[in-house]
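To keep things clear, I will list the structure first and then write my remarks on it.
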Amino acid sequence: MARMLERIKEFARSPQGRRATEQARRAAADPRRRAQAQRLLGRLRGGHGGHQGHR
């Protein structure tokens with residue numbers, strides 16, 4: 001398990017990791033993307049994904 005965490009840290013420090021982090025930050029700042037992510041997490045947790053903004 002410790003080796004996996006080290007590899008994640010290495011990736012986060014790499015240029016690709018920094019790009020992925022920045023892309024995730026931008027997506028998290030977008031209200032539509034945030035709602036989409038919350039619905040997905042709700043489904044993964046076994047819930048209904050919330051009821052706000054359902055189409």
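The values are calculated or read from the model by the stated rules, or taken from the named source; none is laboratory data. As the structure is a computational prediction, the values presented were derived from the model and not from experiment. Heads up, the Cβs are rebuilt from the backbone with ideal geometry, glycines too, and the neighbour counts pull from every protein chain shown.
Summary of computed values
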| quantity | calculated |
| --- | --- |
| Some residue of segment 23-36 being among the charged types (D, E, K, R), out of contact with any Asp or Glu (no Cβ under 6 Å at 6 or more places or on another chain), loosely packed, with under 10 Cβ neighbours inside 10 Å and not in a helix (DSSP H, G or I) | no |
| Output for segment 25-35, where each listed residue is of a type outside the set (Lys, Arg) and modelled with pLDDT under 90 | Ala27, Ala28 |
| Residue list for segment 21-47, restricted to those being under 26 Å from Glu10 (Cβ atoms) and within 11 Å of the chain's Cα centre (by Cα) | Thr21, Gln23, Ala24, Arg25, Arg26, Ala27, Ala28, Ala37 |
| Complete set of residues in segment 36-55 that are more than 17 Å from Ala24 (Cβ to Cβ) and at pLDDT below 90 | Gly46, Gly47, His48, Gly49, Gly50, His51, Gln52, Gly53, His54, Arg55 |
